[in-house]
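Peer 1: My questions all concern the structure below.
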Amino acid sequence: MKATITGTDSLSQRIILDLQRGIKVSAVPEIYPVSLDQAKRLSRYSKLLLQAETNLHKEAYERVKMLGLKVLPLAKLFRSGDWEGISEILSVVTDETTRDELELMIKGLEEKRERIREFKEESSSKIKSLQEREQELISKVQRIEQLQDEIRKEINFLEAYPPAVHEFLLQHIGLFKGQYVLAKRLDVNWQRSLRKRNVIRYDENDYVYYICDLDGLVISYEKRVKQGKKCLWDYDIDINRIRGDIFSIPKDGRYRLPTGLAEDLQSELKLLQKELKRIRNEQKEIENELKNLKKSTIKTYMESVEASNTLSVKELKRHGELQNKAMKWLYQQGYVVASEWTLPNGKRVDVAGFNENGRIIIVEVKVSRADFLQDRKWKTYLDYCDEFYFLLDGDAIKAFWEILEHPQCGLLSEHRQGLEIRNLDQLQHNIKREELREELLFNISRSLAKKIVYGY
């Protein structure tokens with residue numbers, strides 16, 4: 001009769017000692033009352049012990065010894081040299097931890113790392129976006145400051161004129177194609193007189209009045225002011241003196257240039273100054289956001305780790321129970337069901353199934369409030385299913401109703417021995433191509449077949 005071995009009993013210890021001394025695995029059943037399969041498992045465990053003693057700290061090594069053969073699910077982490085992950089899992093095990101619970105812990109570790117990776121990518125993307133925006137604003141500030149300098153240089157020549165003339169010119173002169181133009185209409189009679197004397201010239205191609213003789217314009221203005229004659233545009237008076245289409249003339253008398261509404265130099269300068277102030281305020285906000293984001297990234301990163309680590313053995317076990325219930329619920333609805341299905345985008349879902357009509361449902365299980373609130377990837381599932389449901393437990397259900405975007409999602413919860421729909425799925429789903437649907441159906445079937453063939 002073959003003995004029962006655990007890796008921690010005295011028989012296991014003797015066999016492990018002989019294996020480490022060089023005895024062949026095939027010879028073990030000839031010496032001890034164990035099967036060849038038991039001998040192989042003890043051999044694998046013996047190798048894990050040696051690796052653990054070399055690579056893990058003492059406390060973790062003692063826990064490998066405490067678990068015995070139950071530690072074998074961690075073999076893939078040993079093979080990949082994931083000592084950090086192994087240590088993290090071993091830190092929460094007890095002598096009552098089962099193999100199934102270890103499997104769930106491995107899954108929890110993978111999910112935590114995926115969550116942290118997504119968080120780091122999201123943070124990096126946001127920082128990069130803000131930095132790019134900041135550079136855009138810096139370039140814009142430089143362009144505006146350059147324009148301001150150019151306008152100030154253009155305005156500088158006006159300082160030679162008396163204040164009243166200065167103000168008049170600022171209000172009525174604009175720049176177009178590098179030349180001075182009338183930005184605003186003058187008294188109609190005076191403007192006609194200036195045109196006859198070639199002080200201003202109307203260009204029929206550009207639809208603007210170019211100023212040919214600025215000094216002549218100033219002299220004429222000062223003379224009219226002394227004589228008490230009207231100089232400025234007055235809509236109510238001057239509109240009656242104009243022939244042609246008067247409905248296109250604005251009340252303020254401003255000209256419309258091919259590039260848009262003409263602006264006088266002073267107004268343009270004020271607009272630039274206003275825009276510069278707005279940009280600098282936005283730049284300051286971005287600088288503060290960047291500063292806070294960089295400062296909080298590590299903190300948030302650690303909070304993400306901490307929240308992930310709060311998935312205790314009990315919670316991981318509960319996750320598995322709910323996952324099984326979701327699979328049974330879908331099966332009872334007439335669906336072919338698979339768990340741990342990987343989508344074409346690389347994301348892994350807890351449960352997925354399809355019915356005879358090819359309709360696909362995805363169910364995501366969350367057993368804690370923190371796990372539910374931190375899940376940012378569920379929206380990426382929507383392009384690969386016709387219905388999406390959360391199956392939630394405890395405080396996660398309360399969190400569902402607290403967040404406005406989630407009441408559109410489907411919600412499942414336990415009811416007696418099964419599940420019930422608490423909220424119908426109202427989200428927009430979009431499996432864009434029939435070929436994609438066929439691919440998804442095949443992949444779900446293959447995922448199910450893999451579990452039957454390989455056990456995982």
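Peer 1: Conditions: (1) crowded, with 18+ Cβ neighbours inside 10 Å; (2) within 28 Å of the chain's Cα centre (by Cα); (3) touching a residue at least 40 places away in the same chain (Cβ under 8 Å); (4) over 17 Å from residue 348 (Cα atoms). Residue 400 meets all but one. Number of the miss?
Peer 2: Just one mismatch for residue 400, condition (3).
Peer 1: Only one of 70, 76 is out of contact with any Phe, Trp or Tyr (no Cβ under 8 Å at 6 or more places or on another chain) and surrounded by fewer than 18 Cβ atoms within 10 Å (Cβ to Cβ). Can you tell me which?
Peer 2: Within the list 70, 76, the selection yields 76.
Peer 1: Could you list all residues from segment 403-438 that are closer than 17 Å to residue 335 by Cα and either of a type in the set (D, E, K, R) or part of a loop (DSSP other than H, G, I, E, B) (or both)?
Peer 2: 420, 437, 438
Peer 1: Could you identify the single residue in 30, 53 that is in the same structural domain as residue 81 (by TED's automatic domain parsing), touching a Phe, Trp or Tyr at 6+ places or on another chain (Cβ under 7 Å) and either free of Cβ contacts under 8 Å to residues at least 12 places away in the same chain or part of a helix (DSSP H, G or I) (or both)?
Peer 2: Exactly one of 30, 53 is in the same structural domain as residue 81 (by TED's automatic domain parsing), touching a Phe, Trp or Tyr at 6+ places or on another chain (Cβ under 7 Å) and either free of Cβ contacts under 8 Å to residues at least 12 places away in the same chain or part of a helix (DSSP H, G or I) (or both), namely 53.
Peer 1: Still on this structure, I have one more. Please pick out the residue among 339, 413 that is out of contact with any Gly (no Cβ under 7 Å at 6 or more places or on another chain) and in contact (Cβ under 8 Å) with a residue 24 or more places away in the chain.
Peer 2: Testing whether each residue is out of contact with any Gly (no Cβ under 7 Å at 6 or more places or on another chain) and in contact (Cβ under 8 Å) with a residue 24 or more places away in the chain leaves just 339.
Peer 1: What helices (runs of 4 or more DSSP H) lie completely within segment 147-250 and have 2 or more residues being within 24 Å of residue 272 (Cβ to Cβ)?
Peer 2: By residue number, 163-172.
Peer 1: On to the next question. For segment 190-231, what are the residues that are touching a Cys at 6+ places or on another chain (Cβ under 8 Å) and exposed (fewer than 15 other Cβ atoms within 10 Å of the Cβ)?
Peer 2: Listed by number, the residues that qualify are 198, 201, 225.
Peer 1: Within segment 379-403, track down each residue that is more than 30 Å from residue 439 (Cβ to Cβ) and of a type outside the set (Asp, Glu).
Peer 2: 394, 396, 397, 398, 399, 400, 401, 403
Peer 1: In segment 96-118, is there at least one residue being in a loop (DSSP other than H, G, I, E, B), surrounded by 11 or more Cβ atoms within 10 Å (Cβ to Cβ) and touching a helix residue (DSSP H, G or I) at 6+ places or on another chain (Cβ under 8 Å)?
Peer 2: yes
The values are calculated or read from the model by the stated rules, or taken from the named source; none is laboratory data. All values reported here derive from a predicted model rather than from experimental measurement. Because the Cβ atoms are built from the backbone with ideal geometry, glycine has one as well, and the counts that use them run over all protein chains shown.
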